[in-house]
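The structure appears right after this line, and notes come after that.
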Amino acid sequence: MKESQQEKRVIVTGGAGVIGCELLSVLLNNNFIVLSVDKNPLPAKKVELLSLNNPKLRHLVADLSTDSLADLIDFNPSAIFHLAAVFERSKESPQFWNTNWNENTLLSHRIVDLVREIPSLKAFVFASSYLIYTPDLYMCEHQSAPVSLNEDSPLNPRNITGASKFYTEKELEFIHEYISPDLRFINARIYRVYGRGSRDVISRWTRAALRDEEIHVYNRQNRFDFIYAQDVALGLYRLFLSNDGYGIVNLGSGISTSIGEVINALSLLIPVKQSKDMGQIEQYEASMADITKLRTLTGWAPGTSLLKGLEQIMEYEKEIL
């Protein structure tokens with residue numbers, strides 16, 4: 001069935017972020033009319049990739065935790081992709097307390113509340129986090145085999161960012177149950193993202209290597225599920241398209257990779273100056289996503305290998321340098 005113009009209207013919060021820019025590209029390539037909202041303008045390099053003159057894209061610079069949301073309501077979308085968020089390291093600093101409240105919890109509450117103001121809204125895709133799962137499952141005092149987390153794994157948010165993500169998930173469930181039963185919501189629990197123009201450790205190390213700078217390495221044995229930002233965007237989009245896409249879904253690569261393996265892969269592309277191993281500063285992590293549900297719902301799985309992702313990041317960073 002041919003989609004109407006109204007059904008092709010979507011909002012992306014956090015559109016200037018590393019996942020947001022990739023998602024804008026996916027949506028525009030599929031002829032969606034997009035309102036992107038972020039407290040920052042689109043990065044200059046990403047503007048070239050997106051083509052700012054695209055008549056189907058409008059980017060609104062606004063602080064969604066405090067500014068008026070009238071433009072979002074007036075846009076009358078059929079779907080919202082809510083990506084806007086802030087993160088700090090896993091062991092968060094005291095200064096992050098207020099930032100998390102304003103830019104994660106409060107901001108997300110205001111976006112979820114829009115459901116009541118936009119009758120045309122049919123789908124809400126939320127970028128949640130694997131930090132919701134209890135760290136007792138995958139954190140330990142010694143090196144261990146990676147633990148595959150599925151959607152039914154026990155919950156106990158690891159930090160205040162995870163707690164904020166969990167609260168927003170529960171708000172969406174409440175909205176669906178009591179206010180808008182026809183709303184289809186997807187809580188995509190995303191794993192360790194890296195990508196072009198990101199602040200993640202992989203991108204930071206790539207930039208340092210290109211500048212011939214030393215990198216500092218902690219916990220080489222830590223194992224994470226690294227997923228390329230472009231794959232995250234494709235996963236969110238495919239979950240949105242899936243008629244059965246609903247509720248909680250893991251969005252990771254399904255592969256556990258150690259920090260040491262990341263450095264080895266980067267070393268295949270460029271000489272890497274490493275400082276003396278800084279040792280262990282916290283418990284070991286050994287986590288990965290069980291993506292069975294993702295595969296079942298979308299018939300797809302992330303396809304960007306770590307090496308391919310590193311090559312694309314390096315190409316991007318070289319052009320900036």
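Could you give me D for the stretch 186-276, from Stokes-Einstein at 25 °C and 0.890 mPa s, where the hydrodynamic radius is the Kirkwood radius over C-alpha pairs? Units µm² s⁻¹, please. Don't skip to the end; give the middle numbers.
On the way: Rh = 14.5 Å.
Approximately 169 µm²/s, per Stokes-Einstein.
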Sorted by Cβ density within 10 Å, fewest first, the residues 293, 91, 122
91, 122, 293
Relative to the longest principal axis of the C-alpha atoms of the chain, give the angle of the C-alpha long axis of helix 306-320, reported between 0 and 90° and rounded to the nearest 10°.
80
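Summing Lys, Arg as +1 and Asp, Glu as -1, what charge do residues with Cβ under 13 Å from the Cβ of residue 189 carry, residue 189 excluded?
-1
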Specify the angular offset, from 0 to 90 degrees and rounded to the nearest 10, of the alpha carbon long axis of helix 18-29 from the longest principal axis of the alpha carbons in the chain.
50
For the chain, what size does the Cα cloud have along each of its three principal axes, sorted from largest down, in whole Å?
57, 44, 41
Only Cα pairs under 8 Å and at least 6 apart count here; give the relative contact order of the stretch 225-296 as a rounded whole percent.
47
Restricting to aspartates and glutamates and to Cα separations under 16 Å from residue 165, and discarding same-chain partners fewer than 8 apart, the set is 88, 92, 103, 113, 151, 173
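Tell me, what is the percent relative contact order of the stretch 167-321, built from C-alpha pairs under 8 Å that lie six or more residues apart? Before the final figure, lay out each step's value.
Numbers: 244 pairs, mean separation 49.6, N = 155.
For the stretch 167-321, the relative contact order is 32 percent.
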State, as an integer percentage, the relative contact order of the stretch 16-109 based on alpha-carbon contacts under 8 Å between residues 6 or more apart.
27
Only counting other Cβ atoms within 10 Å, I'd like 68, 287 sorted with the fewest neighbours first.
68, 287
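Listed highest first by mean packing, meaning other Cβ atoms within 10 Å per residue, what order do 129-140, 184-195 come in? Please report the intermediate quantities before stating the final value.
Values: 129-140: 19.3, 184-195: 23.9.
So the peptides 129-140, 184-195, ranked by packing, come out 184-195, 129-140.
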Positive-end residue of 284, 167, 313, charge dipole of the chain with Cβ unit charges:
313
Within the set of other residues whose C-beta is less than 14 Å from the C-beta of residue 228, count the net charge using Lys and Arg as +1 and Asp and Glu as -1.
-3
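A short reminder: the numbers here are calculations on the coordinates, not readings from a lab. This one's a predicted model, so the numbers in the text were calculated from it and none came from an experiment. Backbone-built Cβ (ideal geometry, glycine too); neighbour counts: all protein chains shown.
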